[in-house]
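The next block holds one structure in the form of structure tokens; read it before the comments.
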Amino acid sequence: MKALVTILIVITGYAGLSQSLLKGKIMDSKTKIPVTGASIFLSNTSIGTNSNDKGEFSLNIPAGSYELIVTSLNYDTYILQLEPGNFQSDITVILNEAPKILPDVIVESYDKNGWSKWGKYFTSNFIGNTTAAKKCNLKNPEAVKFKFNENTNSLRAFTNDVLLFENQELGYRIKYVLLNFKIDFNNNSFKFAGHPAFENLVPKSEKEQQKWMANRAEVYAGSLRQFMKSLYNDRLEAEGFEIRPVVSISEIEKARVAEINKRIASMEEVGGNPKLRMNKDSLSYYQDVFNLAPGDNTIALNKKIKRADIVKSTKTDAVLLNFEGVLRVTCTLKKTPVEFYVTVQRNSHSKYTSTDINLPQKTAVIVYKNGTYFSGENFLVDGFWSWSEKLATMLPNDYGSEDNRLPD
């Protein structure tokens, strides 16, 4: 199975050092009765709380931009954008009752036996196929509904409930508000978006705690988060990342290179040494094209892209990642796991992880200091990250705090 190209729709926030206290009260829109036990959290972080018996809550908000999420059973999800220095410190949240859907309407609107038919697609593309995914379980799969559209040859998954996951590999309990899940079988692409809330599991022993910390550090190494953070901090080379431009190779060009290689082989048989007549870049190009696997039609050029060519500073605590075409990101400090090749059935002549990235909407990606970023639907990855960057390997945006011990 070839890995799907993934559109990473990241809903994120930038965590700083200073904090503001946010107080609030949650009420039913019709009865005005306080809503108790509601879940209040900052999207993609481990920062959250619950409303008390008076519907009240308080939450420390780190400096930065966040989306405040409020969820409660039988109510629509409430989302509030919190901008740095520009939100009220005392708010009232009004929750609207979620519409009740009759069983016969559900049968008509969604595929029957949806989980048995499409559950493997959901787990494979959303939770993942990594080692961590084997220990990351969805506790309420019955909440996920599926709809396959024959006209567009695409699959959608959606739910009115908060999805509950338990990740025993990384030591997190995750509540996930799913906004978007779609597989397009025509162009072999997948996109998802949502609001996760992380809670640290209680370890059974110090040994288990240390194991979780080690596993978190392992999935962080060579990850998209580490790449973005090193991009912001100008540490690409120090952290093993190399960026090269990608070019498409036609079948005609493959045939031309194959013919050149035949001639080289013939000359070598009679004692010639034609390789000395080629410069290093030309030789690398011919070797890469000649070694392309059937079905592959792109190679990365030998020339490295400099950070200054693709990153621009801003007046805020963020930089802009902007480039044209396709770039290949290789992490020379992260070896490709065997399970990647087994799962996606893709050959590689490099033992290190590599991912092709591009900006289909040709607009810049905003990258923050802690490695989080905002791109809308304008960030496409194909390769290792399209396989590895799933829920099972997801770390909260505040990973790196004292509780999570992010490596420098």
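Every number in this text was worked out from the coordinates using simple rules, so none of it is lab data. Computed from a predicted model, the values in this text were never measured in an experiment. Note: ideal-geometry Cβ built from the backbone for every residue, glycine included; neighbour counts use all protein chains shown.
Remarks
- The peptide list 318-330, 137-149, 161-173, 379-391, put in order of mean Cβ contacts within 10 Å with the highest first, becomes 379-391, 161-173, 318-330, 137-149.
- The fewest-to-most ranking of Arg256, Arg244 by surrounding Cβ atoms within 10 Å reads Arg256, Arg244.
- By the Kirkwood approach, averaging reciprocal distances over each pair of separate Cα atoms, segment 97-215 gets a hydrodynamic radius of 15.9 Å.
- Note on Val219, Val311: ascending count of other Cβ atoms within 10 Å places them as Val311, Val219, the fewest first.
- Candidate cross-link partners of Lys54 among the aspartates and glutamates, defined by an alpha-carbon separation under 19 Å and a same-chain spacing of 8 or more, comprise Asp28, Asp90, Glu97.
- The residues packed around Trp118, meaning those with a beta-carbon under 15 Å from its beta-carbon, carry a net charge of +3 if Lys and Arg are +1 and Asp and Glu are -1.
- Counting other Cβ atoms within 10 Å as a rough exposure proxy, the listed residues Glu377, Glu218 run Glu377, Glu218 from fewest neighbours to most.
- Residue-averaged [θ]222 nm for the chain, counting only DSSP H segments that reach four residues, each worth -39500 (n - 2.57): -6000 deg cm²/dmol
- Taking 0.890 mPa s as the viscosity and 25 °C as the temperature, the Stokes-Einstein diffusion coefficient of segment 21-102 based on its alpha-carbon Kirkwood radius rounds to 189 µm²/s.
- Each Lys or Arg adds one and each Asp or Glu takes one away; over the other residues whose Cβ falls under 12 Å from the Cβ of Val319, this sums to +3.
- Contact order for the chain, expressed relative to its length and based on alpha carbon pairs under 8 Å spaced 6+ residues apart, stands at 20 percent.
- Within segment 285-351: Cβ-based charge dipole about Cα centre, in debye rounded to nearest 20 (Lys, Arg +1; Asp, Glu -1): 300
- Ordering of 191-198, 246-253 by burial proxy (mean other Cβ atoms within 10 Å per residue, highest first): 191-198, 246-253
- About the Cα centre, charge dipole magnitude for the chain (Lys/Arg +1, Asp/Glu -1 at Cβ), debye: 680
- Between the listed residues Phe340, Asn215, Thr92, the Cα displaced farthest toward the positive end of the dipole of the chain, a dipole computed from Cβ unit charges relative to the Cα centre, is found at Phe340.
- Entries of Lys207/Lys369; Lys23/Lys147; Lys134/Lys207; Lys120/Lys254; Lys211/Lys304; Lys134/Lys175 with Cα pairs more than 30 Å apart: Lys207/Lys369; Lys23/Lys147; Lys120/Lys254; Lys211/Lys304
- Total formal charge among the other residues, if their Cβ is under 11 angstrom from that of Thr330, Lys/Arg +1 and Asp/Glu -1: +3
- Protection proxy ranking, peptides 75-83, 177-185, average beta carbon neighbours within 10 Å, highest first: 177-185, 75-83
- Separation of alpha-carbon centers, segment 359-383 and segment 189-204, rounded to whole Å: 20
- Across the chain, Cα-Cα pairs farther apart than 25 Å form 63% of the total.
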